[in-house]
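Notes follow the structure.
Readers should treat all values here as calculations from the given coordinates under stated rules, not as data from a laboratory. Source: prediction; values computed, not measured. When we count neighbours, we look across all protein chains shown, and the Cβ atoms used for this are built from the backbone with ideal geometry, even at glycine.
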């Protein structure tokens with residue numbers, strides 16, 4: 001079954017007719033004949049949607065819709081209210097997701113059902129992949145950015161920004177004039193070309209109000225599809241303006257992703273109803289924006305080391321696989337560095353774990369400052385870090401590793417002499433670095449998968465790190481038979 005729908009109607013023939021129509025599309029239906037039964041079944045079964053007739057025998061549909069909205073157990077269930085034309089505004093004010101009038105058009109009803117259920121179950125943002133680590137950037141940087149932009153997703157006092165795309169400037173002006181009273185929104189007038197141009201520039205409104213017919217019949221629907229396919233404007237919401245006899249086009253608009261449809265020519269009553277529909281669509285967009293932001297923040301936290309704000313091992317190894325898998329004939333190679341803070345245990349033993357944590361945070365900050373856009377920087381455990389540098393020659397990789405080592409050790413780190421003390425003790429903190437250089441798509445590595453390359457790189461850099469420790473610490477040890485750095489130690493494998 002594709003969804004469970006509660007049909008609430010005091011007339012049995014109406015209930016049966018709707019049940020047959022919905023069952024033909026494989027919807028699971030439940031029937032209620034009274035308001036009391038509707039509330040009971042809604043709480044008990046938590047249906048995906050309620051189709052409610054305004055003329056229930058024991059309670060008006062509008063009053064029942066208000067009760068459903070006030071009840072925490074049923075407030076999130078969308079309601080399609082079937083009411084007379086003159087009750088549409090009251091129905092929307094009561095919280096109905098949409099209002100349809102009899103005689104019901106089957107094609108329009110089914111399109112509206114699909115549209116509402118699609119919006120309810122839509123994925124809150126494309127979270128299949130985290131952004132690839134950029135610029136010596138870390139997950140902490142991303143969280144900071146989220147915090148800085150959080151205000152953009154908080155509820156606003158206005159009804160948002162609306163783009164009006166009509167068949168003529170005069171029609172767009174009449175819409176703006178009609179909506180200026182009931183809506184507190186900033187409205188801009190575009191033609192189809194300027195709407196696409198502005199979207200490509202990142203000037204995207206909360207909502208597009210588009211006439212179904214622009215230069216030709218159906219042009220508005222094609223424009224909506226084009227805008228919804230673009231990254232910048234895909235998360236806007238869309239309302240399509242139609243003539244009264246364009247019922248089939250209304251159904252197509254819903255199936256193409258329109259959030260709602262309105263009449264092209266607006267009376268004062270139409271403008272009031274349109275304002276309610278637009279306000280509901282903008283509110284829906286803001287909730288979706290907030291969910292996407294929260295989901296993104298949760299995903300970032302899942303791959304973040306909470307102490308340093310760097311990526312953790314869970315993110316680092318798959319990211320390294322992607323980096324190694326992306327090397328091609330033109331790539332100069334990938335450098336993999338395993339970095340370890342020297343004598344870190346003695347810092348914890350002498351000054352306490354808070355001092356050790358402070359050292360980890362400061363070292364992480366210095367590494368972040370010394371890495372570049374496109375580098376991968378992560379803490380993979382304890383005092384150990386993994387850094388991957390794409391498109392580097394062996395010599396460039398060596399120089400980068402030396403720069404990282406120097407950046408950490410050139411200045412002392414001040415920590416409290418003991419936990420809770422206010423005096424600061426300068427510590428000379430150094431790091432040892434094991435360096436492996438994989439020369440991209442060169443012979444000898446072509447047969448290996450990215451996962452195998454990752455294992456090879458990690459094994460080589462770990463052995464090189466042991467060589468750096470054995471050689472006296474505070475040094476870089478490189479494992480790469482293809483290049484011999486002058487006046488530096490080399491671990492031969």
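Computed quantities for the displayed model
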{"item": "Overall form of segment 1-69 per C-alpha gyration tensor (a/c, 1.5; a/b vs b/c)", "result": "oblate"}
{"item": "Fully extended contour minus Cα-Cα distance, from residue 403 to residue 423, at 0.36 nm per residue", "result": "4.1 nm"}
{"item": "Estimated FRET transfer efficiency (residue 396, residue 76; beta-carbon r; R0 60 Å; 0.05)", "result": "0.60"}
{"item": "Between segment 389-442 and segment 1-29, the Cα center-to-center distance that results, in Å", "result": "67 Å"}
{"item": "Gain in span if fully extended, residue 85 to residue 297, counting 0.36 nm per residue against the direct Cα distance", "result": "71.9 nm"}
{"item": "Segment residue 372-residue 188, length gained on full extension (0.36 nm per residue, minus Cα span)", "result": "62.2 nm"}
{"item": "Shape call, segment 291-446: gyration tensor on alpha carbons, a/c limit 1.5", "result": "oblate"}
{"item": "Point-to-point label distance, residue 36-residue 384, nm (Cα→Cβ direction, 7 Å offset)", "result": "6.9 nm"}
{"item": "Footprinting exposure proxy for 27, 208 (fewest neighbouring C-beta atoms within 10 Å first)", "result": "27, 208"}
{"item": "Pair residue 414, residue 4: separation of 7 Å Cα→Cβ label points (nm)", "result": "6.4 nm"}
{"item": "Förster radius 22 Å - calculated FRET efficiency between residue 459 and residue 349, Cβ distance, rounded to 0.05", "result": "0.15"}
{"item": "Prolate/oblate/rounded call for segment 4-121, Cα gyration tensor, a/c under 1.5 rounded", "result": "rounded"}
{"item": "Modelled FRET efficiency - R0 41 Å, residue 267 with residue 231, Cβ distances, 0.05 increments", "result": "0.65"}
{"item": "Sorted by Cβ density within 10 Å, fewest first, the residues 101, 236", "result": "101, 236"}
